[in-house]
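The structure appears below as structure tokens.
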Amino acid sequence: MTSTLPADPLAGLAAERRIIVMIGAPGAGKGTQAERLAAALDLPHVSTGELFRQALHGHDPLGAKVGKYVESGALVPDAIVVEIVAQRLAQPDAAAGAILDGFPRTVGQAVALDEMLARAGTSVWAALYVEVASDLLMERLTGRRICTADDQHIFHVAARPPRKDGLCDVCGAELFQREDDRPETVRSRLETQLPPMYEIIDHYAEDGVLYSVRGDNPAEEVTEDLLRALATIRVGA
């Protein structure tokens with residue numbers, strides 16, 4: 001498909017700081033889109049999962065706080081998460097903005113983010129919702145198969161099926177389905193995670209910064225749709 005996007009999809013937009021929040025259910029592909037947008041817009045991709053991993057390997061008080069909760073299997077409190085994100089956004093490469101992936105996860109975190117940004121004289125510039133129907137989410141999340149000999153050999157029954165059913169293309173070992181990918185586990189996960197996500201969507205819709213695109217198209221098309229959505233934001237809009 002030939003792209004109809006301008007060479008610079010954000011040409012003519014406000015020069016304000018661009019804090020972009022990615023929203024999407026597990027399996028919607030928001031992480032992939034966050035990476036693609038970060039490259040297209042020359043903004044850092046800020047993943048809270050990666051921030052937690054970095055904090056755990058650090059030797060400062062904040063890392064110790066995170067480690068205490070992660071090791072016990074407890075959720076990291078909102079105040080600590082916000083502090084970690086604030087530290088990351090204070091780094092020079094985020095001066096023009098950032099793509100936030102995995103945060104906020106609750107309305108409470110969204111409000112805390114709003115307050116933190118307001119203290120810095122800015123706000124969430126756009127919240128991008130990658131919308132995917134629940135049946136497609138189930139198909140994406142339950143279709144993964146892993147090699148029994150090497151867990152880096154990953155296949156998907158629909159998106160990337162092995163040449164021989166049930167066998168790894170690389171080494172010929174049997175493939176298996178992880179417990180986390182079984183339908184009952186995935187269904188429980190979605191039932192837990194979707195309601196807070198819908199509350200976040202409502203929060204940003206009320207603020208007038210929510211932009212929704214269909215996530216069931218090929219990744220390249222979803223990226224173009226997201227960039228077109230961002231290109232509607234104009235000075236004074």
> If you take the residues of the stretch 135-171 that are aliphatic (A, V, I, L, M) and not in a loop (DSSP other than H, G, I, E, B), which of them is farthest from residue 191 (Cα to Cα)?
Replying inline: 167
> In the stretch 25-59, which residues are free of Cβ contacts under 8 Å to residues at least 60 places away in the same chain, touching a Gly at 6+ places or on another chain (Cβ under 9 Å) and among the charged types (D, E, K, R)?
Replying inline: 50
>> Whether any residue in the stretch 149-166 is among the hydrophobic types (A, V, I, L, M, F, W, C), farther than 30 Å from residue 95 by Cα, in contact with a Phe, Trp or Tyr (Cβ under 9 Å, 6 or more places away or on another chain) and free of Cβ contacts under 8 Å to residues at least 60 places away in the same chain is what I want to check.
In response: no
> Across the stretch 90-123, what is the number of residues that are closer than 20 Å to residue 204 by Cα, of a type outside the set (S, T, N, Q) and surrounded by 12 or more Cβ atoms within 10 Å (Cβ to Cβ)?
Replying inline: 19
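Quick test for you: out of 62, 100, 51, pick the one residue that is of a type outside the set (Ser, Thr, Tyr), farther than 20 Å from residue 18 by Cα and either in a helix (DSSP H, G or I) or at pLDDT 90 or above (or both).
62
So which residues in the stretch 46-55 are of a type outside the set (Val, Ile, Thr) and in contact with a Leu (Cβ under 8 Å, 6 or more places away or on another chain), if there are any at all?
Within the stretch 46-55, 55 is the sole residue that qualifies.
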> Right, residue 126: among the small types (Gly, Ala, Ser), surrounded by 15 or more Cβ atoms within 10 Å (Cβ to Cβ) and either assigned to a helix (DSSP H, G or I) or within 19 Å of the chain's Cα centre (by Cα) (or both) or not?
Replying inline: yes
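The values are calculated or read from the model by the stated rules, or taken from the named source; none is laboratory data. Everything numeric here is computed off the predicted structure, so don't read it as measured data. As a convention, Cβ positions derive from the backbone with ideal geometry for all residues, glycine included, and neighbour counts pool all protein chains shown.
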